Structures are given as C-alpha cells and as structure tokens.
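Bear in mind these aren't lab numbers, they're just calculated from the coordinates by the rules spelled out. Here the structure is a predicted model, which is why all the values come from computation and not from measurement. As a convention, Cβ positions derive from the backbone with ideal geometry for all residues, glycine included, and neighbour counts pool all protein chains shown.
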Amino acid sequence: MFNGKKVFVVGTGISGIGAAKLLVAEHAQVVLYDGNEKLRVSDIEAKVSDKSVTVMVGSYPSGSEKDYDLLVISPGVPVDSPLVISFKDAGVPVWGEIELAYHFDKGTLFAITGTNGKTTTTALTGQIMKAYNDETFVVGNIGNPYTTEVSKTTATSYTVAEISSFQLETIHEFKPLVSAVLNITPDHLNRHHTMECYIKTKEDISMNQTKDQFCVLNYEDEVLRDYGLNHCKASVVWFSSKERPPKGAYVTGDEIHYYDGESDRFLMNVHDMNLIGEHNYENVCAAIDITIAAGIPEDIIIHEIMRFKAVEHRIEYVATKNDVMYYNDSKGTNPDAAIKAIKAMSRPTILIGGGYDKGSDFDEYVKAFNPMIKKLVLMGTTAPKIAETAKKYGFTDYVIADSLEEVVRICADSAQPGDAVLLSPACASWDMFESYEQRGRMFKELVNRL
C-alpha cells in the first residue's frame, strides 16, 4: 500500500515516532517533522532508529507539499493549522495515526470515545477481552499508540482503542465492529471552537458503520439519545444509570441488569466491584454492552469486572495518612469529569483544582461542592478564574498555591481525621506539567512522603 510512497509525518512524540516506524516497515519514504526548533535532530533519529527516515525540525519549507503522497499528523496538531491547510490545498490526503494504523489491522477493532470515562472503560473492556482472547491489544489515547501494536495483529486478534476527539478529526475509512460514545460535555473548545463541531467529531466514530456493526451510546445523554434514535447508521445498544433502555445494560438500585429487547436479566451487584461512583457504573455498563456485542460469555465479563481496579489517575486511591484518605484524579481534566469524582466521595473532602485553561467555565463544578467539599486548594493558570466562580456561589474557603508541593502541604495541614483529599483539577495540566500523568505521579510521590 505504501511501498515507495512519500509520506510527511508531523510530530515527534510517541504517535509520530510510531507512525514513522510503521511506514518505514511498509517501505514508504518518510520525512519526520517537528516545528519545535529546540529539538535536536540526533535525539529524534535515535528514537526512530532507522537511517532511511529524514528528520526535520524548525520552520517548515513551504512549497514542497505536492512532493508528498500523504500527510500524517499527530493528535496535537490542529487540522486548521497553516501547515495542514497548505497540504490540503495541494490536494494531499491528511490522515492521523489512528487512520494509518486502522489500514493495517488484521483483526477486529473496538473503539471508545466520550468526554469522560474513556480510559476506565477502555482498560476494563481490554481486560475482559484479554481474558477471553489472549491476542488483545489495548491502544490509542490510553498511552499505547495504535501504530506500535498494529503489526502484531492477526485475523483472530482484538484491538480495543481509546479514541480522542483530536484523533477522530482525521479518520476516513475507520470502521470498528463496535464503537462507543460514553457522553458529551463541553471540552477542548479551544481546539474545536464550537460545541456543534465537538459533538459531530465525537459522533463520527460511527460514521462508516452499518447495521452489521454496533454503536454503544449513553441513554441519559440527550445529544447521544437523539443521535442514536435518529441519525446513527449502526445497530444501537444503550447503557443507562437511571432507567431500562430499549436495549442494553443499566443500573437499577444496587444492581446491574441487561435487557436484550425481550428479556431482562440480573448480572451483578454494584457492591461486588472495586469501582465507586455512578459514573463508574455507567463505564461498567458500557463495557458490558461492548463485550456482549463482541460475543464474550457473560460469566467472563462479570468475573473480570469484579477483579478490575481503578486505572491510574482516575479516582485512584493513593494512601491514608492520619486517617485522611488521598485520591488521585489527575485524569479529571474538565469540569464534568471532576464533578463525577466529587460525587464519588463519601467523606468531607479537601479538593485540589486548577490548571491549564481549555476555555471551560466552572459554574457547575462549584455548584457540585455541596455537601462534600469543605475546602478548595487551587493552582495553575485557572486558579483566579475558579476562585471568582467559587465566590460567586458563596464558597469562600479557598486558597491559591504556587506549586503542587505547597498544595499538598496545605491539604495535609488542613485535613482532619476522617477527611479525604481529592486531586481532581477540572483542567488540563500543560501550564505546570508535561501531562496529567506527570501531575498525578508527582501528587502520589508527595502524598507518600507525608
């Protein structure tokens, strides 16, 4: 497919490196480019470890776009950036890493998106799949690039992919057997500009599916309910935390049931699993829908749900110090995700918030404080914005700190026995940290030193 083709790959992170290596293995002529002029070409060449790849950094020499057969961009590269537009204007197809890898997947693909819950649902679905089929690969936005794993796939393998809205901007033929959209709330509006664009991008995960494939949707999300009832071309399976849907898994009281459209069956009690909070019950229901659609036996599904533990950085228990429980929810990078974590708390809680501003407002975040949040400790670019919102709603017990070290010290000094401390920032991490993972791991290190 790519033998002799000339491909321009933008981005030298794990996605770009993975794409370059995959293309080289397929005998493409690869130019790997990054606009960050501070990067060293020799360091990038060492990561690629193939001398046939031409590495370029700094300003892009425009005018050579027509020399290429394909542009492959990393998720962090906006589709409306001048570089991407110049290639589009030259008639060059623009793919992302996900579309590129999809063309080489020999097995069955399952794809999961949504504003919140993607990582937990993907990890849980992957664990269930792997218990049934050892040839299971968990890839995508979860931190393991699709391009680095796809060459290992076979006709009988399963790939479970967490897909971000950035990655969905550049799909063309991408068509999973089962897709899932967990929820849609405002996020990344600095990238997508409007909610209408963001919603369409998320829904596009199923755009190539037909009635022979399945799309799992949240029955309680008004946008997704409308999409599933009126627009989705796939066979829709629902999940719900409030009521029995036309077909799918749902929560009733403390029980999870599955309704196949004719008969209703009990699957498990929510207290038999390690995950806590209504949002996690929804994640579990979504994973049930996906794996039932895949033909996984229900006894395997239930057994693996009971074994599953929260993924790192998602309401992750860290430690108990002086009868104060510390939780790391650094993956709570938008207000809706943080609200879910707040609602999962069962102790009086000191909340750590703030970070990079993605254009969110924090009214609903602050409204969710009662009755559990007793104190707010803020950091990062959005700290003043969140503080002003808190004041607007009469919440005045907040403090702004300059570093995560200071944040943890304030929390430890303020907490009483029986309290909890929750890092759930409602913001991205890029103003102070390289990633939410780095933020979460630093938080855990600081807590464990107390």
Looking only at aspartates and glutamates whose Cα falls under 12 Å of LYS233's and that sit 8 or more positions away or on another chain, we get GLU203, ASP204, ASP212
With Rh as the Kirkwood radius over Cα pairs, the stretch 140-220 has Rg/Rh of 0.98
In whole Hz, the Karplus estimates of ³J(HN,Hα) for the stretch 50-59 (6.51, -1.76, 1.60; θ = phi - 60°; x where Gly or Pro) are 8, 5, 6, 7, 8, 9, 10, 10, x, 5
Here the relative contact order (percent) of the stretch 6-92, from C-alpha pairs under 8 Å and at least 6 apart, is 35 percent
Ordering 89-99, 34-44 by per-residue average of other C-beta atoms within 10 angstrom, highest first, gives 89-99, 34-44
Once both label points are put 7 Å beyond Cα along the C-beta direction, the GLU196-GLU312 separation in nm becomes 4.1 nm
For the stretch 99-307, one quarter of the surface area of the C-alpha convex hull, expressed in nm², comes to 10.8 nm²
Here the gain from full extension of THR54 to LYS106, 0.36 nm per residue of separation minus their alpha-carbon distance, amounts to 15.9 nm
The relative contact order of the chain, taking Cα pairs under 8 Å that sit 6 or more residues apart, comes to a percentage of 11 percent
Summing -39500 (n - 2.57) over every DSSP H run of at least 4 residues in the chain and dividing by its residue count gives a helix-only mean residue ellipticity at 222 nm, to the nearest 500 deg cm²/dmol, of -10000 deg cm²/dmol
Among LYS38/LYS375; LYS38/LYS391; LYS200/LYS343; LYS51/LYS444; LYS38/LYS66; LYS21/LYS385, the pairs whose Cα-Cα distance exceeds 32 Å are LYS38/LYS375; LYS38/LYS391; LYS51/LYS444; LYS21/LYS385
Checking rank on 118-131, 268-281, 231-244, with mean other Cβ inside 10 Å and highest first, the result is 118-131, 231-244, 268-281
Cα-based Debye curve of the chain sampled at q = 0.08, 0.10, 0.12, 0.13 Å⁻¹ gives log₁₀ I(q)/I(0) of -0.48, -0.76, -1.07, -1.23
In the neighbourhood of LEU32 defined by beta carbon distances under 11 Å, the net charge of the other residues (Lys, Arg +1; Asp, Glu -1) is -1
To the nearest 20 debye, the stretch 301-418 has a Cα-centred charge dipole, built from +1 on Lys and Arg Cβ and -1 on Asp and Glu Cβ, of 320 debye
Under the 7 Å Cα-to-Cβ spin-label approximation, ILE85 and GLU278 lie apart by a distance in nanometres of 4.3 nm
Between TYR393 and ASP43, the FRET efficiency computed from the C-beta separation at R0 = 41 Å comes out, to the nearest 0.05, as 0.30
Listed by chain and number, the residues whose amide H is under 5 Å from that of ALA111, excluding neighbours fewer than 5 places away on the same chain and using placed H, are ALA161, VAL178, SER179, ALA180
If each part is reduced to its alpha-carbon centroid, the stretch 287-361 and the stretch 227-255 end up apart, in Å, by 21 Å
Restricting to Cα pairs under 8 Å and 6 or more apart, the percent relative contact order of the stretch 99-307 works out to 21 percent
Using alpha carbon positions and the Kirkwood radius, the Rg to Rh ratio of the stretch 33-158 is 1.03
Hydrodynamic calc, the stretch 1-60: Kirkwood Rh from Cα pairs, then Stokes-Einstein at 37 °C with viscosity 0.692 mPa s, so D in µm² s⁻¹ is 292 µm²/s
